[in-house]
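Enquirer: Below is one structure. I have some questions about it.
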Amino acid sequence: MRVLFVSYPAIGHVFPTVPLAWALRAAGHEVLVASAGDALEVANAGLHVADVSPGFELEPFLQSTVSELMARLRTPGDIDPVDGLTLFAHLNDHLADGIVRTADAFRPDLIVFEQIFVSGLIAAARLGVPAVQHNFGFARGTQLRELTVSMLAETMARHGVDRVPDRVPTIDIAPPSMVEPERDGWSMRPVPYNSGAVLPEWLLEEPKRRRRVGVTLGTATVHINGLGPVQRLAAAASEVDAEFVLALGEVDTTALGELPSNVRVVGWVPLTALLQTCDAAVHHGGAGTTLAALNAGVPQLVLPDGADRHINAEAVRDRGAGLLGTADDLGAEVLGQLLWDEKMSAVAREVREEIRTMPSPVSLVARLEELAR
């Protein structure tokens, strides 16, 4: 079986699909990922990747084509859902030609498309092959798919597609106790993937001398919104009996100045490996980061700043597995609650156990094989 994965051109969207791609490869199937920009990083997972738009960079593209829309989406406060849908449709339309071209050449038996990138569904309809939607977090994908498709009539016509299926099997990696089920949902365990690395010695040391908090702002937020939340956390850290590990990636942290002795800046380390050594997490609310913390069974303080992050943060808060806050909340009292609230820690562990009972990616391979027959 030949399987084409299609994803939004960003790491946070393509990485959640890697475990299923691995499972298919391990079963002997041929897998190709079609995307662009930062999502090409998925090649480091040992997967073959097609660059559908060579030279594409997401942020410059958005600023040069829909700058006013981006300004609205990044303004604090409620986001107009139509703005988000317009952005998704704009990106799908721009990359659809390359995705369809790749699909035509690869001739897949099945297309798996990440929930925002419905151009994969259009390519499947053009070829007459089945498609499966792969969700990446807590945002529900069925209505999102339907609304985005409704804005792409010209894109579909350009590729000879009159309509796409109304019912699409949907792989849902969110813990069932934290979401409304998808209409055609197939539950699958979220297996965090954030690339491999040679782990630093300090991360492998045992035992820890004090409690540890992992702090990350994801792959995009810190470059767009700066280090404000980290500065507030660093100012409060000296009042908390814990170690704070700032995993901020390739970011210049000199503006933070001299940090307290219990704050460690480590650049980039695999988040899954870091959180396995932590007692709590502070982050921006990205779906992958939220699920990684739930996988680790640690309470989390989520500081959402746009996109689907408020949805993820609210899911964590409503389940009782963490706190929803803003950068202004980053004081010693809130950090202490995050570390020593036993009820919250117990709920986080409860969700970790729930995740362990969800069907593995390997268990879905037979269903996908049957669908493609």
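The values are calculated or read from the model by the stated rules, or taken from the named source; none is laboratory data. No experiment lies behind these values; they were computed from the predicted model shown. With ideal geometry, Cβ positions are generated from the backbone for all residues, glycine too; neighbour counts draw on all protein chains shown. To get the accessible areas, we keep the full protein, side chains included, count just its heavy atoms, and leave off ligands, DNA and RNA. Shrake-Rupley method; radii C 1.70, N 1.55, O 1.52, S 1.80 Å.
Enquirer: Looking at the range 290-302, which of its residues are of a type outside the set (A, V, I, L, M, F, W, C) and closer than 12 Å to F138 by Cα? I'd like the intermediate steps shown before the answer.
Expert: Taking the range 290-302 and keeping what is of a type outside the set (A, V, I, L, M, F, W, C), we get 290, 295, 297, 299-300.
Passing the criteria: only T290.
Enquirer: Tell me yes or no: at least one residue of the range 335-344 is within 23 Å of A10 (Cα to Cα), among the hydrophobic types (A, V, I, L, M, F, W, C), at pLDDT below 95 and buried (at least 20 other Cβ atoms within 10 Å of the Cβ).
Expert: Narrowing the range 335-344 to residues within 23 Å of A10 (Cα to Cα): none.
Scanning the range 335-344 turns up no residue that is within 23 Å of A10 (Cα to Cα), among the hydrophobic types (A, V, I, L, M, F, W, C), at pLDDT below 95 and buried (at least 20 other Cβ atoms within 10 Å of the Cβ).
Enquirer: When you go through (1) under 12 Å from L85 (Cα atoms); (2) open to solvent by less than 10 Å² (accessible area, probe 1.4 Å); (3) in contact (Cβ under 8 Å) with a residue 40 or more places away in the chain one by one for M151, which number turns out not to apply?
Expert: That leaves (2) as the condition not met.
Enquirer: Test S187 against the criterion of being on the phi > 0 side of the Ramachandran plot, under 26 Å from the mean Cα position of the chain (by Cα) and surrounded by 13 or more Cβ atoms within 10 Å (Cβ to Cβ), and give yes or no.
Expert: Details: on the phi > 0 side of the Ramachandran plot: no; under 26 Å from the mean Cα position of the chain (by Cα): yes; surrounded by 13 or more Cβ atoms within 10 Å (Cβ to Cβ): yes.
Criteria not met by S187.
Enquirer: Tell me, which helices (runs of 4 or more DSSP H) wholly within the range 9-94 include 2 or more residues that are more than 21 Å from F136 (Cβ to Cβ) and more than 20 Å from the chain's Cα centre (by Cα)?
Expert: Values: elements: 11-14, 18-26, 58-65, 67-73.
Once the helices (runs of 4 or more DSSP H) in the range 9-94 are filtered for at least 2 residues that are more than 21 Å from F136 (Cβ to Cβ) and more than 20 Å from the chain's Cα centre (by Cα), what remains is 58-65, 67-73.
Enquirer: Could you please let me know if D305 is open to solvent by 10 Å² or more (accessible area, probe 1.4 Å), under 16 Å from the mean Cα position of the chain (by Cα), closer than 24 Å to A139 by Cα and among the acidic types (D, E)?
Expert: Judged against the criteria, D305 is a match.
Enquirer: Among V263, V245, which is farther than 27 Å from P190 by Cβ and free of Cβ contacts under 8 Å to residues at least 60 places away in the same chain?
Expert: Working: V245 fails: farther than 27 Å from P190 by Cβ.
After applying the criteria, what remains is V263.
Enquirer: Same structure again: I need a count of the residues in the range 285-312 that are hydrophobic (A, V, I, L, M, F, W, C) and touching a Ser or Thr at 6+ places or on another chain (Cβ under 8 Å).
Expert: Selection size over the range 285-312: 5.
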